[in-house]
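Engineer: Below you will find the structure I want to go over with you.
The values are calculated or read from the model by the stated rules, or taken from the named source; none is laboratory data. Just so we're clear, the structure is a prediction, and the values are computed from it rather than from any experiment. Note that we place each Cβ from the backbone using ideal geometry, even for glycine, and neighbour counts take in every protein chain shown. The protein model used for the area step is the full one, side chains on, heavy atoms only, and it has no ligands, DNA or RNA in it. Shrake-Rupley method; radii C 1.70, N 1.55, O 1.52, S 1.80 Å.
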Amino acid sequence: MDKNLMIYPFNKRVSAIARYAQLLKGYILTAAVSPKNYGYDGKDVSYIDGGEFVGITITSSFREGLEQCDCILFSASTFLMDMNYYEEKIQEAGNCGKEIWITKELVKDFINAQKSIPTGVKVLGSNPDQLRVSYNDTNTIQEINVPILSLFQVGEFCHGFDTQLLMAERFEKEGYRVSKVSSNTLGALFNVHMVPDYIYDPHMPYEDKIVSFNHFLNSIVEDNQPDILLLEVEEAILPYNNRITNHFGVIPTIISKSAQADVSILSLYYSDYDKEYLDRLRTFCRYALNAEVNYINMTNETMFVKEINYTDPLHYVSVDRDILLNSIGSNFKDYDCMFFHTYDLVSVDAVYRDILCKLSQNEDVVITG
Amino acid sequence: MNPIYKTFSTLSGFYVYDRSTNSIINIERNEFDLLNKNDNQTIIQFKKKGYMKDNSIERIRHLSTDYLKHYLHNNIEQLTIQLTQNCNLRCSYCPYMGGYDNRKYSNKIISIETIRKGIDFLFAHSQNSKQIAIGFYGGEPLLEMPLLKEAVEYIEEVKEGREVVLTLTTNGTLLTDDNVEFFMKKSFQILISLDGAKEYHNANRVFPNGEGSFDVIMKKLRHIKEKYPTFFSKLTINSVISTNNDLSCSNDFFNADEVLEQLVVNMTTLSEHNSKDSILYDDSFKIINDFETCKAYLYMIGKISQRHVSKLYKSSIGQVNSIYKTLEPHEIKEKETHPGGPCLPGVSRLFMDVDGNFYPCERVSESSEIMRIGHIDSGIDIVKAKYLLNVGAITEQECINCFAFNFCKACCSSADGNTELSREKKLANCNNIKYSALTDMKLITMLKKFNYNFEESAYEEK
């Protein structure tokens, strides 16, 4: 039976849960709650993410939300929070007997505040118990016998996860069996196989991670017999500069070595990119990630880097859908790669059709339906 | 061919600043002479090396213009609230004393309703801002302590876990134990105005009866240091060096005074913007200023120890590192862009006066119609904000062809024409800006020559 789910505080980190609420597996979203000071009370979810009207209204009563739910997901905020406040709210939810989840980002906030994770709380998307394989002459890369659609991105809020959900939805509607793998914490709500925690283990050798993850993917394929595997990587693929390194794109690199993509989508921030820059990015993906980027998703977020001695140098600003869509329609229409945006479902459909066509034409890739 | 460049020389050599790549290049004497004559062959040689690309800029338009609406919707970082237009001092150089095109002192006090609306406004428009701050300003904000406490109470009621930095700018004369304990409890960051030694502080910062405020402030500071040492250690002093202030004496005072020894002191000079008279510092000021600045630079290159650097000039080090960051190599390829100066109006330091009017910051003239960018009840006027953001558009051709494009610090305040931005006022500042840019470049090259490590210093500063 599906569980009634409340999200708190609701913000753009978790807006995908509401936008794609119809794709939730095992959960029904009953309350999207934000503190009153957010200014979201009474507003539709689309007010936050700038997409089409969703029909889910954000509310501000924590207590009322608790009464409607079986479980509550606490999300990290988009700004600095007093972690004592989170502890109080988690306590309140616990006292009401609710099942409590927190996102992986919120775990990091607790750690940064030098606080322990409250007891009784589960981390959404945590996958600690997967088999680790030591790389040696006999334990190497296994062939994965289904087509792989990889989704990479250049940073947070690029909607890579949204793109995965939308593509999966389309494949499934046409009767294809889809297995989804993601490192996005929200994936656990959408029947997505979560990237094992060992990927982030600083003590595990890279070779072991690569082989282990490859075996993990193969086990998913063997157990589920999908027609296609959608592999989404949340972490940024490369540094912004020498100071903001994004961990040098290590996670995407490891994952790309585990499984070669047949088709790749790259999600970028909104900007007025020139052809040369896009070519360089795609060349980077081709050689560093072994991924031929055939499709580019441009999000409606743009990212600015402020001075390094600010507490957090990355700043995000949203742009109007209209600006974005006009830009895609005019600036990039002649580029030899399809551009789309997750809020423009017509463009998503066009990309889906093209992917299907591409995979169907590839003799080495068999996609059956 | 129309590359934009600027040659300069220092004791150590000859250089050219190439705007197209934002680079300073070490050159030979003969190249220096030829470039000064705009010799085409020499320019071609630099072009072959990838420098001195033709000026690509065709139009002045700030890159954030299309995003400004979204910045103002979700990225506001700070709100400064004017609690009152009254003050218990009558400092001679105060913008509200009549020497500037600005409002005068009045008894106006903000209402708690307006404060609450302002706080709600900030919270609702800062979802993308990692950290926000609320500052209390005046006049003298401590004249309205009960109102300030009500405001803080409201912030605590509505913030729901959000981290908010609280700041206060005060003349220090009204600090009491009650106030201090309140500020300690609420973790306020306090900036106190103190101009220097008694004689010079009292020359300008006086009570309405003409009596100086120095003794009152110092007595309070001594008491706070004794009773609340931790709180005291976090105070910041703002020292205004006016034209009748002896910089040498102020310098000695801040470096030697036992009470103030551990405090950070920010030194500022009088602003020319909107001043009715010219602000002229005498030669002794310049000599001492240059001398103390030079000592700071000598410390940076390891020639003298830190104890020789005046407290008033320690900030020079941070400023140099900021200047260096301006020189990060990048190619200007855009046809539309804007000189470096302006902040995004209303985003970084939104200022709300007692009547709920919005301004880009607390330093602009409150009597200027063009600087009023909105009201708490109607929001920020995006058209006006975009106009102020694109202050460079009023001197488009001059900016397009200016070598100091990336270094320009001109903001809308420098072009305040009351009902519109003033091209004449803006141009009047250009020579100072160019001089300053050139000085900065010479400084960077000299420090580099002495192997100063800018990268390492930036991290140490963090």
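Engineer: Based on what the data block shows, is B:Ser316 assigned to a loop (DSSP other than H, G, I, E, B), free of Cβ contacts under 8 Å to residues at least 40 places away in the same chain, out of contact with any Cys (no Cβ under 9 Å at 6 or more places or on another chain) and of a type in the set (Gly, Ala, Ser)?
Structural biologist: Against the criterion (assigned to a loop (DSSP other than H, G, I, E, B), free of Cβ contacts under 8 Å to residues at least 40 places away in the same chain, out of contact with any Cys (no Cβ under 9 Å at 6 or more places or on another chain) and of a type in the set (Gly, Ala, Ser)), B:Ser316 does not qualify.
Let's see how each residue does on (1) acidic (Asp, Glu); (2) part of a helix (DSSP H, G or I):
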site	(1), (2)
A:Lys209	no, yes
A:Phe213	no, yes
A:Ile220	no, yes
A:Asp223	yes, yes
A:Glu235	yes, no
A:Asn241	no, no
A:Ile244	no, no
A:Phe248	no, yes
A:Pro252	no, yes
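Engineer: I've got another one for you. How many residues, within the stretch A:316-361, are under 22 Å from B:Leu63 (Cα atoms), in a helix (DSSP H, G or I) and of a type in the set (Gly, Ala, Ser)?
Structural biologist: Result for the stretch A:316-361: 3.
Engineer: Taking the stretch A:50-77 as the region of interest, how many residues are in contact (Cβ under 8 Å) with a residue 60 or more places away in the chain, open to solvent by less than 10 Å² (accessible area, probe 1.4 Å) and within 14 Å of chain B (Cβ to nearest Cβ)?
Structural biologist: Number satisfying all stated conditions: 4.
Engineer: Here are A:Ile58, A:Ile72, A:Ile28, A:Ile17: which of them is within 19 Å of the chain's Cα centre (by Cα), modelled with pLDDT of 95 or more and within 23 Å of A:Glu92 (Cβ to Cβ)?
Structural biologist: None of the others qualify; the one that does is A:Ile17.
Engineer: Being within 13 Å of chain B (Cβ to nearest Cβ), open to solvent by 10 Å² or more (accessible area, probe 1.4 Å) and touching a residue at least 60 places away in the same chain (Cβ under 8 Å): is that true of A:Lys43 here?
Structural biologist: Considered against the rule, which asks whether it is within 13 Å of chain B (Cβ to nearest Cβ), open to solvent by 10 Å² or more (accessible area, probe 1.4 Å) and touching a residue at least 60 places away in the same chain (Cβ under 8 Å), A:Lys43 comes out as no.
Engineer: Tell me, yes or no, whether the stretch A:289-305 has at least one residue that is open to solvent by 30 Å² or more (accessible area, probe 1.4 Å), assigned to a helix (DSSP H, G or I) and away from chain B (no Cβ under 11 Å).
Structural biologist: Scanning the stretch A:289-305 turns up no residue that is open to solvent by 30 Å² or more (accessible area, probe 1.4 Å), assigned to a helix (DSSP H, G or I) and away from chain B (no Cβ under 11 Å).
Engineer: Only one of these conditions is not met by A:Ser347: (1) without any contact (Cβ under 8 Å) to a residue 40 or more places away in the chain; (2) within 17 Å of A:Tyr47 (Cα to Cα). Which number is it?
Structural biologist: (2)
Engineer: Okay, next question. Which of the residues belonging to the stretch A:70-99 are assigned to a loop (DSSP other than H, G, I, E, B) and out of contact with any strand residue (DSSP E or B) (no Cβ under 7 Å at 6 or more places or on another chain)?
Structural biologist: Selection gives A:Ala76, A:Ser77, A:Thr78, A:Leu80, A:Asp82, A:Cys96, A:Gly97.
Engineer: Kindly indicate which of B:Thr419, B:Thr439 is polar (S, T, N, Q), touching an Asp or Glu at 6+ places or on another chain (Cβ under 7 Å) and surrounded by fewer than 18 Cβ atoms within 10 Å (Cβ to Cβ).
Structural biologist: Of the residues listed, the single one that is polar (S, T, N, Q), touching an Asp or Glu at 6+ places or on another chain (Cβ under 7 Å) and surrounded by fewer than 18 Cβ atoms within 10 Å (Cβ to Cβ) is B:Thr419.
Engineer: Contact list please: Cβ distance under 8 Å, first residue in the stretch A:319-343 and more than 14 Å from chain B (Cβ to nearest Cβ), second residue open to solvent by 50 Å² or more (accessible area, probe 1.4 Å) and modelled with pLDDT of 85 or more, pairs at least six apart or on different chains.
Structural biologist: Close Cβ pairs (under 8 Å, with a partner that is open to solvent by 50 Å² or more (accessible area, probe 1.4 Å) and modelled with pLDDT of 85 or more) amount to A:Tyr335/A:Lys275; A:Met338/A:Asp354; A:Tyr343/A:Glu52.
Engineer: May I pose another question? Give the number of residues within the stretch B:41-73 that are open to solvent by less than 30 Å² (accessible area, probe 1.4 Å), polar (S, T, N, Q), within 23 Å of B:Tyr17 (Cα to Cα) and outside any loop (DSSP other than H, G, I, E, B).
Structural biologist: Here the count works out to 1.
Engineer: Further question: Here's a check for you: in the stretch A:136-156, which residue that is at pLDDT 90 or above and not hydrophobic (A, V, I, L, M, F, W, C) is surrounded by the fewest Cβ atoms within 10 Å (Cβ to Cβ)?
Structural biologist: Step by step, filter the stretch A:136-156, then rank; the result is A:Glu143.
Engineer: Of the residues B:Lys384, B:Lys335, B:Lys311, which single one is buried (at least 18 other Cβ atoms within 10 Å of the Cβ), out of contact with any Leu (no Cβ under 9 Å at 6 or more places or on another chain) and among the charged types (D, E, K, R)?
Structural biologist: Every option except B:Lys384 fails the conditions.
Engineer: Which of (1) of a type in the set (Gly, Ala, Ser); (2) open to solvent by 10 Å² or more (accessible area, probe 1.4 Å); (3) more than 10 Å from every other protein chain (Cβ to nearest Cβ); (4) out of contact with any Pro (no Cβ under 8 Å at 6 or more places or on another chain) does A:Gly94 not meet, given it meets every other one?
Structural biologist: All conditions pass for A:Gly94, except number (4).
Engineer: Condition first: under 27 Å from B:Asn418 (Cα atoms) and of a type in the set (A, V, I, L, M). Now tell me which residues in the stretch B:102-121 satisfy that.
Structural biologist: Answer for the stretch B:102-121, where residues must be under 27 Å from B:Asn418 (Cα atoms) and of a type in the set (A, V, I, L, M): B:Ile109, B:Ile110, B:Ile115.
Engineer: So, B:Phe214, is that one surrounded by 15 or more Cβ atoms within 10 Å (Cβ to Cβ), at pLDDT 95 or above and farther than 20 Å from B:Phe136 by Cα or not?
Structural biologist: yes
Engineer: Also, I was wondering about something else. Kindly indicate the residue of the stretch B:50-76 that is more than 14 Å from every other protein chain (Cβ to nearest Cβ) and free of Cβ contacts under 8 Å to residues at least 60 places away in the same chain and also farthest from the chain's Cα centre (by Cα) among those meeting that condition.
Structural biologist: Only one residue tops the list, namely B:Gly50.
Engineer: Looking at B:Met97 and the list (1) within 29 Å of B:Ile332 (Cα to Cα); (2) of a type outside the set (Ser, Thr, Tyr); (3) open to solvent by 60 Å² or more (accessible area, probe 1.4 Å); (4) free of Cβ contacts under 8 Å to residues at least 24 places away in the same chain, which single condition is not satisfied?
Structural biologist: Answer for B:Met97: the failing condition is (1).
Engineer: What are the residues in the stretch B:100-129 that are within 13 Å of chain A (Cβ to nearest Cβ), more than 16 Å from B:Arg372 (Cβ to Cβ) and either open to solvent by less than 10 Å² (accessible area, probe 1.4 Å) or outside any loop (DSSP other than H, G, I, E, B) (or both), if any?
Structural biologist: B:Arg116, B:Lys117, B:Ile119, B:Asp120, B:Leu122, B:Phe123, B:Ala124, B:Ser126, B:Gln127, B:Ser129 - these are the residues of the stretch B:100-129 that are within 13 Å of chain A (Cβ to nearest Cβ), more than 16 Å from B:Arg372 (Cβ to Cβ) and either open to solvent by less than 10 Å² (accessible area, probe 1.4 Å) or outside any loop (DSSP other than H, G, I, E, B) (or both).
Engineer: Now a separate question. Looking only at the stretch A:237-249, which residues are in contact (Cβ under 8 Å) with a residue 12 or more places away in the chain and open to solvent by 10 Å² or more (accessible area, probe 1.4 Å)?
Structural biologist: Hits for the stretch A:237-249 are A:Leu238, A:Tyr240, A:Asn241, A:Arg243, A:Ile244, A:Asn246, A:His247.
Engineer: Conditions first: (1) open to solvent by less than 20 Å² (accessible area, probe 1.4 Å); (2) in a strand (DSSP E or B). B:Thr268 passes all but one, so which condition is the exception?
Structural biologist: Against the list (1) open to solvent by less than 20 Å² (accessible area, probe 1.4 Å); (2) in a strand (DSSP E or B), B:Thr268 comes up short only on (1).
Engineer: Still on this structure, I have one more. Among all residue pairs at least 6 apart or on different chains, which show Cβ distances below 9 Å where the first residue, located in the stretch B:130-159, is away from every other protein chain (no Cβ under 11 Å) and the second is in a helix (DSSP H, G or I) and aromatic (Phe, Trp, Tyr)?
Structural biologist: Cβ pairs passing all conditions: B:Met145/B:Phe182; B:Leu148/B:Phe182; B:Lys149/B:Phe182; B:Val152/B:Phe182.
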